[in-house]
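J.: Quick one: structure below, then a few questions.
The values are calculated or read from the model by the stated rules, or taken from the named source; none is laboratory data. In this text the structure is predicted, and so the values were computed from the model without any measurement. Every residue, glycine as well, gets a Cβ built from its backbone with ideal geometry; the counts of neighbours run over all protein chains shown. Ligands, DNA and RNA are stripped out before the accessible areas are found, and what is left, the full protein with its side chains, is counted by its heavy atoms. Shrake-Rupley method; radii C 1.70, N 1.55, O 1.52, S 1.80 Å.
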Amino acid sequence: MISGENEQSFKKHKKHTDLKRPSLGNFGRNEWAIVGAPCDAIKLLAGQVIAALSPLYKCAYVDTTHSDALLPGRLANGADIEFTDQLNYTQINQKPAFNAVKIKETFAQADLVLANGNHHQAKAQVVVIDKNKEASLQKRLTQLTNVQLILLAGDAGDLFDFIKDAIPDWSKIPVYRQGETGKIISFFKEKLEEARPQLNGLVLAGGKSERMGFDKGSVNLNGKEQRYHVADMLKPFCNEVFISCRADQREDITGDYISLPDTFTGLGPFGAILSAFRERPDSAWLVVACDLPLLTEKTLDHLAENRNTATIATAFQSNFDDFPEPLITIWEPKSYAVLLSFLARGYSCPRKVLINSDIALLNAPSPEELTNVNTPEDLEKVKNILHQKIIAE
């Protein structure tokens, strides 16, 4: 249960820095409260939708128990938290009430959240027209802020007049029978597809290139500087492309490209990724290091085509050590909180985040394209490879 007192005090507290916040509701990005039906009917409907969509998306359900039972397990003895590792799932019982921040943290990985609207509100609603719950629904009119679907239960043939009065554009909202499960599932599936996070590109070009001895991003191997060459390759796959850099490098980036200086400094690529999410927390980021001169659109296309938004990231498996390659990866918006949690525990390695998180791991169609250039010796090897390719063509 959300603690109303904590939520109110959180809203009243004045923030100091004007940060861009993710577009979350009470629980997650995509959430619907099912209102106007008995609790058992809501549970049944939620179960049908979740069963159909869980193979593709991470789904969650929110409800409140009607029983005033005694505290379970060791909570009855005074424990604040009890963790049980069950055979097929884990269970956490907690005595302190969840505040608004803790709720969002708990549901951060969910793609779909369905809530029993008899007990919980959400930023979008599904309204059930059930004659037996007419009075109950009328009491909840103030909760109907964004009705996106209407269901007719039993022998209901039309909407209640008070629903028509409360929802000016009610005639534009899809109306199904409550038993039309296939249509209802399709509705949620289409909504989740529409909510697929927009993909932006981030070229990592803010390193100090200490082993190379000069800025790797300025190396010209493919007709232009590598940072611009990679940025141009990303454009067909992304809404916008940014070149990540240190603040002192910003003037070096030509005006034809958008620069994004690090605001998490001293953390290398980890800080660059966090800086991108700080700028656009609701976007996914196709992050590519500038020092991949053999990279082609074919590999980028394979990554984008096999993107799995239900995970925190989609990455290639390294052909060298079998670990994920963090610097040619699609990082989903839900990874923002995960990255910050690793930073809070003292870790600033993107690869460590991928290894210890739920990700989609792909085999690169051409593993040699993941070769990066760190030293002058690496640069000479890559020059020879590119020269041989030109000759072969």
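J.: Can you give me the number of residues within segment 88-135 that are open to solvent by 60 Å² or more (accessible area, probe 1.4 Å), in contact with a helix residue (DSSP H, G or I) (Cβ under 8 Å, 6 or more places away or on another chain) and of a type in the set (Phe, Trp, Tyr)?
T.: Residues flagged as open to solvent by 60 Å² or more (accessible area, probe 1.4 Å), in contact with a helix residue (DSSP H, G or I) (Cβ under 8 Å, 6 or more places away or on another chain) and of a type in the set (Phe, Trp, Tyr) within segment 88-135 amount to 0.
J.: Quick check on my filter: what residues within segment 309-351 are open to solvent by 20 Å² or more (accessible area, probe 1.4 Å) and of a type in the set (Gly, Ala, Ser)?
T.: Once the filter is applied, which keeps residues that are open to solvent by 20 Å² or more (accessible area, probe 1.4 Å) and of a type in the set (Gly, Ala, Ser), segment 309-351 yields ALA337, SER341, ALA344, GLY346, SER348.
J.: State whether one or more residues within segment 294-304 are free of Cβ contacts under 8 Å to residues at least 60 places away in the same chain, farther than 26 Å from CYS59 by Cα and surrounded by fewer than 16 Cβ atoms within 10 Å (Cβ to Cβ).
T.: The answer is no; no qualifying residue exists.
J.: While we're on this one: Give the residue that is least open to solvent (accessible area, probe 1.4 Å), with candidates limited to residues of segment 144-163 that are closer than 30 Å to LYS104 by Cβ and without any contact (Cβ under 8 Å) to a residue 24 or more places away in the chain.
T.: ASN146
J.: A further question on this structure: Go over the candidates GLY117, GLY157 one by one and state the one that is closer than 24 Å to GLN48 by Cβ and out of contact with any Lys or Arg (no Cβ under 9 Å at 6 or more places or on another chain).
T.: Among GLY117, GLY157, only GLY157 is closer than 24 Å to GLN48 by Cβ and out of contact with any Lys or Arg (no Cβ under 9 Å at 6 or more places or on another chain).
J.: Inside segment 20-67, can you point out the residues that are in a helix (DSSP H, G or I) and not β-branched (Val, Ile, Thr)?
T.: Kept after step one, since they are in a helix (DSSP H, G or I), are these residues of segment 20-67: 39-53.
Within segment 20-67, CYS39, ASP40, ALA41, LYS43, LEU44, LEU45, ALA46, GLY47, GLN48, ALA51, ALA52, LEU53 meet the criteria.
J.: Sticking with this structure for a sec: Cβ contacts < 6 Å: first residue under 20 Å from GLY271 (Cβ atoms) and among the aliphatic types (A, V, I, L, M), restricted to segment 230-253; second residue open to solvent by 90 Å² or more (accessible area, probe 1.4 Å) and assigned to a helix (DSSP H, G or I), any location; separation 6+ or different chain. Result?
T.: If the second residue must be open to solvent by 90 Å² or more (accessible area, probe 1.4 Å) and assigned to a helix (DSSP H, G or I), the pairs left are VAL241/LYS235.
J.: SER23: surrounded by fewer than 21 Cβ atoms within 10 Å (Cβ to Cβ), polar (S, T, N, Q), within 24 Å of the chain's Cα centre (by Cα) and at pLDDT 95 or above, yes or no?
T.: Numbers: surrounded by fewer than 21 Cβ atoms within 10 Å (Cβ to Cβ): yes; polar (S, T, N, Q): yes; within 24 Å of the chain's Cα centre (by Cα): yes; at pLDDT 95 or above: no.
Spelling it out, it is not the case that SER23 is surrounded by fewer than 21 Cβ atoms within 10 Å (Cβ to Cβ), polar (S, T, N, Q), within 24 Å of the chain's Cα centre (by Cα) and at pLDDT 95 or above.
J.: Determine, yes or no, whether LEU141 is touching a residue at least 12 places away in the same chain (Cβ under 8 Å), loosely packed, with under 15 Cβ neighbours inside 10 Å and of a type in the set (A, V, I, L, M, F, W, C).
T.: yes
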